[in-house]
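Q: Handing you a structure now.
The values are calculated or read from the model by the stated rules, or taken from the named source; none is laboratory data. Predicted model, so just to flag it, every value in this text is computed and none were measured. All Cβ positions, even for glycine, are placed from backbone atoms using ideal geometry, and neighbour counts span all protein chains on display.
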Ligand SMILES: Nc1nc2c(ncn2[C@@H]2O[C@H](COP(=O)(O)OP(=O)(O)OP(=O)(O)O)[C@@H](O)[C@H]2O)c(=O)[nH]1
Ligand SMILES: [Mg+2]
């Protein structure tokens, strides 16, 4: 189980008196765990109301009330990955440099291969030669098809070829790797839009998933990235990686609460099997233990 809010768990196990001092400490710990100020205020407000109206005074009850408030934040979210009934399904992976896009692609590909699906990878990160080789190395390792062009070529052309190849070979899912980009660079954002248009034209619908890969260890910065990316492309879900390396799970809450984007997957390590579905209810139930 991930230990994302350990300190908050510890606060409750000290059996604190539920007073102003308690709320202050809780507020500080939530913010330290990268829950944004706004989302923290919202949670605390809800908690205070419940404590008042139900006259809660034991730490255990207050902890449960906080857990319920977190669970409610996710309750209307559909956190499952969508596949199309008409293959190939297309997943577009986006995000800033080094967040874990390419690694997550390999993990996802492996997961669907295990379900008997045929995967084709598209090396549309043509910006770095090493990026193409990195994806190809994963493709070899997991025995997946890959479409690649020369470094420096047009990423949208790679995507076009990948979709044609997927149709010709009967692939079930095309997963597109893209270059890490700063959300502040407009030309790179335009490139993503162009890729989106090619997909829409060639499969007759937008990508089934546009997954924004965020590095949990970057905290509030990840939230800013999410805000900017979702202005440029219709992000359908977030993959939060490197949760194994952090006690700061608050990004999960903030992305959901402030941006309304469902968190769909979490990365918990560098290995192929280190990918989990995000389960909001289990998450809420476990985080304060
Ligand atoms: N601990 C940990 N490391 C991860 C996780 N996901 C990816 N990494 C590591 O993060 C580093 C960057 O991963 P990449 O998949 O290359 O990231 P990227 O987004 O494709 O990077 P660019 O192509 O440069 O934009 C690698 O060393 C990965 O092994 C994770 O869930 N946990
Ligand atoms: Mg990459």
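Q: Could you tell me whether residue 116 is within 12 Å of ligand 2 (Cβ to nearest atom) and in the same structural domain as residue 197 (by TED's automatic domain parsing)? Write out each step before concluding.
A: On the way: within 12 Å of ligand 2 (Cβ to nearest atom): no; in the same structural domain as residue 197 (by TED's automatic domain parsing): yes.
Answer is no for this residue.
Q: Here's another thing I want to ask about it. Given the criterion closer than 25 Å to residue 256 by Cβ and more than 16 Å from ligand 2 (Cβ to nearest atom), identify the matching residue among 196, 204. Working first, answer last.
A: On the way: 204 fails: closer than 25 Å to residue 256 by Cβ.
Sole residue among the options that is closer than 25 Å to residue 256 by Cβ and more than 16 Å from ligand 2 (Cβ to nearest atom): 196.
Q: Across the range 237-259, what is the number of residues that are outside any strand (DSSP E or B) and either under 16 Å from residue 209 (Cβ atoms) or within 16 Å of ligand 2 (Cβ to nearest atom) (or both)? Spell out the reasoning first.
A: As a first pass, look at the range 237-259 and keep what is outside any strand (DSSP E or B): 242-259.
Going one step further and asking which of them are either under 16 Å from residue 209 (Cβ atoms) or within 16 Å of ligand 2 (Cβ to nearest atom) (or both), we end up with 242, 255.
So the count comes out to 2.
Q: Collect the residues in the range 45-93 that are part of a helix (DSSP H, G or I), surrounded by fewer than 13 Cβ atoms within 10 Å (Cβ to Cβ) and modelled with pLDDT of 95 or more, keeping them in residue-number order.
A: 45, 49, 52, 53, listed by residue number.
Q: Restricted to the range 256-284, and to residues that are under 20 Å from residue 233 (Cβ atoms), at pLDDT below 90 and under 14 Å from the mean Cα position of the chain (by Cα), which residue is surrounded by the fewest Cβ atoms within 10 Å (Cβ to Cβ)?
A: From the range 256-284, those under 20 Å from residue 233 (Cβ atoms) are 256, 258-265; that's our starting set.
Right, trim to at pLDDT below 90 and you get 256, 258-260.
Subset that is under 14 Å from the mean Cα position of the chain (by Cα): 256, 259-260.
Values: 256: 22, 259: 16, 260: 10.
Looking at the filtered set, the residue picked out is 260.
Q: Now a separate question. Hand me the list of strands (runs of 3 or more DSSP E) wholly inside the range 94-196 holding 2 or more residues that are within 14 Å of ligand 1 (Cβ to nearest atom). Let's see the steps before the verdict.
A: Working: elements: 119-124, 145-147, 173-178.
Once the strands (runs of 3 or more DSSP E) in the range 94-196 are filtered for at least 2 residues that are within 14 Å of ligand 1 (Cβ to nearest atom), what remains is 119-124, 173-178.
Q: Restricting to the range 200-224, what's the tally of residues that are surrounded by 24 or more Cβ atoms within 10 Å (Cβ to Cβ) and assigned to a helix (DSSP H, G or I)?
A: 2
Q: Which numbered condition in (1) modelled with pLDDT of 95 or more; (2) within 16 Å of ligand 1 (Cβ to nearest atom) is the only one that residue 216 fails?
A: (1)
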